[in-house]
């Protein structure tokens with residue numbers, strides 16, 4: 001029977017997808033934004049219904065995690081002790097080094113909601129994933145958010161381990177360092193460090209997927225997504241004049257072959273951006289004269305008249321920097337243009353069959369509350385990293401369950417021994433002289 005998990009703050013489904021590939025069955029995913037949930041539902045529930053279940057008592061829609069917790073407390077309590085894993089990443093915007101990092105950011109309070117789920121359901125294992133700033137952001141009670149969560153897990157009866165993992169080390173063509181915390185019920189993993197166990201298994205994980213041991217660069221990830229000599233129009237947006245990429249017939253790298261598994265048709269989300277002549281000339285200047293793989297230097301921004309600080313020309317030979325939620329943060333490594341949703345998805349390790357729903361982008365005053373396709377991709381846990389985490393967690397569950405079986409067997413044997421002793425005592429009493 002497949003191990004079970006609940007995915008909190010699930011977004012478009014990167015974590016559920018990776019955990020599913022490692023053998024987990026997601027009982028349900030909790031995501032508040034309708035666009036992100038529509039992507040989750042389309043790919044993981046409608047297309048992979050056998051791999052992911054959904055309880056009859058829970059309406060299949062977008063939910064705020066705190067609302068579901070309040071309205072379905074009874075049903076969640078009924079799951080206590082039966083769920084193998086609670087996984088997820090509370091909204092990271094409040095912790096991000098690129099944000100304001102306000103202590104009163106309401107999104108940061110979702111950490112407490114996450115902990116309430118753990119307290120209610122009491123899974124065997126817990127996975128909490130977030131930005132690196134989770135380790136340095138100050139908590140209102142003193143210490144950092146990492147310190148706070150570790151203390152809360154200890155109070156709830158869990159031992160925890162945490163560290164920074166880099167997605168690129170597990171085959172993702174993107175550096176993307178992430179804070180990862182694993183928690184297990186106390187006493188169930190004696191002498192085991194889950195993070196170290198995952199690092200030890202890294203080479204085998206990569207080799208099993210044909211990825212070798214080196215880091216994967218942007219060119220190896222997306223070079224088969226090409227602009228046509230005779231450009232065609234995007235079927236969804238053709239009336240607006242958007243051109244689209246096409247995937248070449250032959251994969252040009254082992255990573256591209258991996259991303260094509262299960263996706264024979266042309267991928268979706270290939271719409272090319274439309275740039276004016278001045279923008280194209282500026283981006284060509286950047287490709288010709290600026291350092292690759294890092295944000296533009298202040299002197300280059302001044303020379304080019306660019307105020308935006310995050311503009312980065314990709315290095316074709318190196319993993320990309322952390323994918324953001326904006327379409328114009330990166331410049332393609334060989335073409336003077338911004339990237340497509342599919343190219344961002346490839347750099348995040350989403351397979352080509354996985355498609356995204358909702359608007360491509362949202363600007364102006366709506367940006368704060370919107371979750372368009374670029375945002376869904378940028379906020380996701382890279383599925384390959386999630387798969388590596390899932391394999392490690394599956395191994396931990398085997399340790400826990402084998403230990404439980406050994407204890408149960410020992411208890412039965414002790415019971416048998418005691419029964420034999422009692423019989424011997426009874427028999428001796430029967431034959432003893434009066």
Next item on the list: Return yes or no: is residue 352 at pLDDT below 80, surrounded by 14 or more Cβ atoms within 10 Å (Cβ to Cβ) and closer than 30 Å to residue 202 by Cβ?
Entry: no
Checklist line | Residues that are under 30 Å from residue 327 (Cα atoms), at pLDDT below 80 and assigned to a helix (DSSP H, G or I), drawn from region 360-413 | finding: 364, 365, 366
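Residue by residue, here is whether (1) farther than 21 Å from residue 79 by Cβ; (2) within 16 Å of the chain's Cα centre (by Cα); (3) surrounded by 21 or more Cβ atoms within 10 Å (Cβ to Cβ); (4) in contact (Cβ under 8 Å) with a residue 40 or more places away in the chain holds:
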residue: 8; (1), (2), (3), (4): no, yes, yes, yes
residue: 12; (1), (2), (3), (4): yes, yes, yes, yes
residue: 21; (1), (2), (3), (4): yes, yes, no, yes
residue: 25; (1), (2), (3), (4): no, yes, no, no
residue: 29; (1), (2), (3), (4): no, yes, yes, no
residue: 36; (1), (2), (3), (4): yes, yes, yes, yes
residue: 39; (1), (2), (3), (4): yes, yes, yes, yes
residue: 43; (1), (2), (3), (4): yes, yes, yes, yes
Check: Based on what the data block shows, is residue 171 touching a residue at least 60 places away in the same chain (Cβ under 8 Å) and either touching a helix residue (DSSP H, G or I) at 6+ places or on another chain (Cβ under 9 Å) or outside the structural domain of residue 343 (by TED's automatic domain parsing) (or both)?
Finding: yes
Notebook entry, point to check: Residues of region 151-165 being in a strand (DSSP E or B) and crowded, with 16+ Cβ neighbours inside 10 Å, which ones?
Noted result: 158, 159, 160, 161, 162, 163, 165
Check: Applying the selection to region 21-64, what residues are within 16 Å of residue 2 (Cβ to Cβ) and in contact with a helix residue (DSSP H, G or I) (Cβ under 6 Å, 6 or more places away or on another chain)?
Finding: 21, 22, 23, 24, 26, 29, 44, 51, 52
Next item on the list: Answer yes or no as to whether residue 207 is in the same structural domain as residue 270 (by TED's automatic domain parsing) and either modelled with pLDDT under 95 or within 29 Å of the chain's Cα centre (by Cα) (or both).
Entry: no
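The values are calculated or read from the model by the stated rules, or taken from the named source; none is laboratory data. Just so it is clear, the model here is predicted, and its values are computed rather than measured. Here the Cβ is made from the backbone with ideal geometry for all residues, glycine too, and neighbour counts use every protein chain on show.
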